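Accompanying notes for the structure given below.
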Amino acid sequence: MKVDKFIRVAIAALIVVAMLIALAALLFVTESALNVWDRLREGPSLLLYGYVAAVALLVGASLWFMLRLVVRRRPRQKKQVARPLTRAEIEERLRSADDSGIDTRSARAELSELASRQQARAVHLCFFGEISSGKSSLVRALVPAADVKVSAVGGSTLDIQHYEWTAPDGARVLLTDVPGTGGVDAGLDQVAEQEARRAHIVLFVTDGDLARIEKDALRRLLQLDKPLILILNKSDRYDATEQAQLIGRLLEHLNDLGGSWDRDQVVAVSAGGESDVIERQADGREQLARRTRPADTGVLVVAINSLLAGDAANFDERRDRAIFRLAADKLADAEQRYRKERAEQIIRSSTRKAVIGALAAVSPGTDVIIQGYIGTTMTRGICRLYGAEPRDLDIEEFLTLSQSRAGRALPLSLAVAGNGLKAFPGVGTVAGGLAHAVAYGLIFDALGHSLILTLEKHGELQPARAADEFGENFGEHIEAGVKQVVGMALAEKDRNG
Ligand SMILES: Nc1nc2c(ncn2[C@@H]2O[C@H](COP(=O)(O)OP(=O)(O)OP(=O)(O)O)[C@@H](O)[C@H]2O)c(=O)[nH]1
Ligand SMILES: [Mg+2]
């Protein structure tokens, strides 16, 4: 008999045997089930119900476990607090952040600044606008005694300055001059916007139609429920028709941004000041002369006063809420920084372990390292930091998918490792083992960093996406990590002699 015929007959025989066993098992199960059922019906009904309940419980529990294993859990969405934050809520958040070791100083500084402003009881008005729109000039027009620096060169105000002004009705007003936005230093834009968020009323200054970035800033301030006056400054440069057209455009922008707008909240003014002009003398000679522009800020004062005449208590409440939100934003930044630092620590320690593992093994493979204990612990640790709760299956899938990409990336990683080692004097031509250890370390470091990026973007571990991110940006990540990993490997080698 030919071999393959023999195999076929054997398989056929096996199928018959398997069928007989299954039949016998079915008969046996049916018989015992019927037996149990009959006995239960004869016995007390309590036993019957108890038995049925126990079976149902068992089936339910198995289904639940199966679902948990197979169906992906969505990360718990952090509750978006639609209603405004209260002091109690922000303080509670700060306490729990303190307990986790997060630096809450800048968020707390906002609350103490608020406390001192509440004590001072002055109304805070903050100017805001592009560089050279004339903010400082307006401060000078309102508080002539103040020593305000004005310059034709943009970017003259580099710091926040406060000036006291007593309104016609005797109310104490604090005017804040801020650096203009849109200059070269983007950091100053942030300083200005934060100061605007701390004020009762924002005086948004422009000297023409709004540019896109001005509109964006305006949108953010309105979203924060900031009372606001939109000022068209340098109106002396426009005739009456142009002025009316510009005011119309500004009102249109405000309407685009939503909310209800009072026509009085958009004003055209002139801050006045001085400028150099060339004058022609009677004898034909030209001469440089200083000319004073008259200030015309009456409508602004009226607009400020009519806003202030409104509900003063409500102003305080809105200002307080805006500062709570600012403190919460600062806390969120601090949390973000904390997470990043802790994630970096996890990556460093896992990378070091991978390097040590690779140095110890005669010829390790990326699979041993990535899919092993170190890979799983690193992935789980970083996910936990970002509030993601991946199932073990997801972690496994992520590591398996990354595995093939790591294999493909190994030659590049080895080349980068070799170059990195050459840069260290005295290392010379090293045995392949060291270069391999660095290459594996680099792969690990890159894996950790891609994980951070995907978690920051999606908030959960999506295995395929995370592995794609790793595969696509591998080159960038290993270039960034090479110095550190080479240092790690050399230190480890030194330690072992
Ligand atoms: N024609 C005219 N020029 C003005 C007016 N107000 C200010 N300027 C001029 O605009 C230029 C900028 O004025 P600043 O008050 O320094 O402007 P700023 O918004 O404080 O500028 P930064 O602090 O750099 O953001 C200066 O040359 C002023 O003389 C105005 O009402 N009319
Ligand atoms: Mg200025």
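Table: residues versus (1) over 23 Å from the mean Cα position of the chain (by Cα); (2) among the small types (Gly, Ala, Ser); (3) open to solvent by 20 Å² or more (accessible area, probe 1.4 Å).
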{"position": "Val173", "(1), (2), (3)": "yes, no, no"}
{"position": "Asp189", "(1), (2), (3)": "no, no, yes"}
{"position": "Glu193", "(1), (2), (3)": "no, no, yes"}
{"position": "Glu214", "(1), (2), (3)": "no, no, no"}
{"position": "Lys234", "(1), (2), (3)": "yes, no, yes"}
{"position": "Glu242", "(1), (2), (3)": "yes, no, yes"}
{"position": "Gln245", "(1), (2), (3)": "yes, no, yes"}
{"position": "Leu250", "(1), (2), (3)": "yes, no, no"}
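Go through segment 259-275 and report how many residues are open to solvent by 30 Å² or more (accessible area, probe 1.4 Å) and assigned to a loop (DSSP other than H, G, I, E, B).
4
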**Fill in**
All conditions in (1) under 14 Å from Gly134 (Cβ atoms); (2) not in a helix (DSSP H, G or I) are true of Ile278 except (1)
**Matching residues, segment 135-156, being near ligand 1 (Cβ under 6 Å from one of its atoms), at pLDDT 70 or above and out of contact with any Phe, Trp or Tyr (no Cβ under 9 Å at 6 or more places or on another chain)** = Ser137
**Criterion: without any contact (Cβ under 8 Å) to a residue 24 or more places away in the chain, in contact with a strand residue (DSSP E or B) (Cβ under 7 Å, 6 or more places away or on another chain) and within 16 Å of ligand 2 (Cβ to nearest atom) - qualifying residue of Glu279, Glu274, Glu286, Glu195** = Glu274
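Quick grid of which residues meet (1) of a type in the set (Lys, Arg); (2) touching a helix residue (DSSP H, G or I) at 6+ places or on another chain (Cβ under 6 Å); (3) assigned to a helix (DSSP H, G or I):
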residue	(1), (2), (3)
Val299	no, no, yes
Gly310	no, no, no
Asp316	no, no, yes
Ala322	no, yes, yes
Ala327	no, yes, yes
Ala334	no, no, yes
Arg339	yes, yes, yes
**Item:** Number of the exception - Gln345 against (1) of a type outside the set (Val, Ile, Thr); (2) more than 24 Å from Thr454 (Cα to Cα); (3) at pLDDT 95 or above
**Value:** (2)
**Message:** Report every pair of residues separated by at least 6 positions or lying on different chains whose Cβ atoms are under 8 Å apart, first residue within segment 292-315 and farther than 19 Å from Leu138 by Cα, second modelled with pLDDT of 90 or more and open to solvent by less than 60 Å² (accessible area, probe 1.4 Å).
**Reply:** Phe315/His200; Phe315/Ile201
**Asked** Can you find a residue in segment 188-207 that is at pLDDT 90 or above, within 15 Å of ligand 1 (Cβ to nearest atom) and part of a loop (DSSP other than H, G, I, E, B)?
**Response** yes
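The values are calculated or read from the model by the stated rules, or taken from the named source; none is laboratory data. Since this is a predicted model, take the numbers as computed values, not measurements. Because the Cβ atoms are built from the backbone with ideal geometry, glycine has one as well, and the counts that use them run over all protein chains shown. Side chains included, ligands, DNA and RNA excluded: accessible areas come from the protein's heavy atoms. Shrake-Rupley method; radii C 1.70, N 1.55, O 1.52, S 1.80 Å.
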